[in-house]
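Visitor: Take this structure, written in structure tokens, and hold onto it; I'll ask about it next.
The values are calculated or read from the model by the stated rules, or taken from the named source; none is laboratory data. Predicted model only: the values in this text are computed from it and were never measured. Methodologically, a virtual Cβ is constructed for each residue, glycine included, from the backbone with ideal geometry; neighbour enumeration extends over all protein chains shown. Surface areas here come from the heavy atoms of the whole protein model, side chains and all, with no ligands, DNA or RNA. Shrake-Rupley method; radii C 1.70, N 1.55, O 1.52, S 1.80 Å.
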Amino acid sequence: MEKIIWAFIVGGSICVIGQIMMDVFKLTPAHTMSTLVVVGAILGGLGLYEPLVKFAGAGATVPISSFGNSLLKGALEELNEHGAIGVLIGIFKLTSAGISSAIIFGFIASLIFKPKG
């Protein structure tokens, strides 16, 4: 039960930070999302994101900052194994399911709903 509470607090805090970025600093959703991905990658590179995942579970793996951590983690793993080309391989190896899901569900949503713009 304690893990659920911490997941809620950590995940909620990440979302609150994103909302503050949009409301207070007037960043667009794209800028906010990109910033959170980069921050997740930086924290992963410094070795700080994995302990957060162990502590908060889904509270740290579900928000978009986890995507940045996954990108960096995959790139570094494949860099060690395959060299420079491994960076590209690693980025897509660990994140392909998320990228594919975003494309597929975005396409389905565009068929069901009337896009504006």
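Visitor: Identify the single condition in (1) more than 30 Å from Glu2 (Cα to Cα); (2) surrounded by 10 or more Cβ atoms within 10 Å (Cβ to Cβ); (3) of a type outside the set (Phe, Trp, Tyr) that Met21 does not satisfy, given that it satisfies every other one.
Guide: Unmet for Met21, out of (1) more than 30 Å from Glu2 (Cα to Cα); (2) surrounded by 10 or more Cβ atoms within 10 Å (Cβ to Cβ); (3) of a type outside the set (Phe, Trp, Tyr): (1).
Visitor: Can Phe55 be described as in contact with a Ser or Thr (Cβ under 8 Å, 6 or more places away or on another chain) and touching a residue at least 12 places away in the same chain (Cβ under 8 Å)?
Guide: Considered against the rule, which asks whether it is in contact with a Ser or Thr (Cβ under 8 Å, 6 or more places away or on another chain) and touching a residue at least 12 places away in the same chain (Cβ under 8 Å), Phe55 comes out as no.
Visitor: Do we find a residue being modelled with pLDDT of 85 or more and touching a Lys or Arg at 6+ places or on another chain (Cβ under 9 Å) anywhere in segment 95-113?
Guide: Looking for residues that are modelled with pLDDT of 85 or more and touching a Lys or Arg at 6+ places or on another chain (Cβ under 9 Å), one finds none in segment 95-113, hence no.
Visitor: Go through segment 56-117 and tell me which helices (runs of 4 or more DSSP H), entirely inside it, have 2 or more residues that are more than 27 Å from Ser13 (Cα to Cα) and out of contact with any Pro (no Cβ under 7 Å at 6 or more places or on another chain).
Guide: Fully inside segment 56-117 and qualifying: 65-82, 84-112.
Visitor: For segment 29-47, indicate whether the set of residues that are under 30 Å from Met1 (Cα atoms), outside any helix (DSSP H, G or I), open to solvent by 50 Å² or more (accessible area, probe 1.4 Å) and at pLDDT 95 or above is non-empty.
Guide: yes
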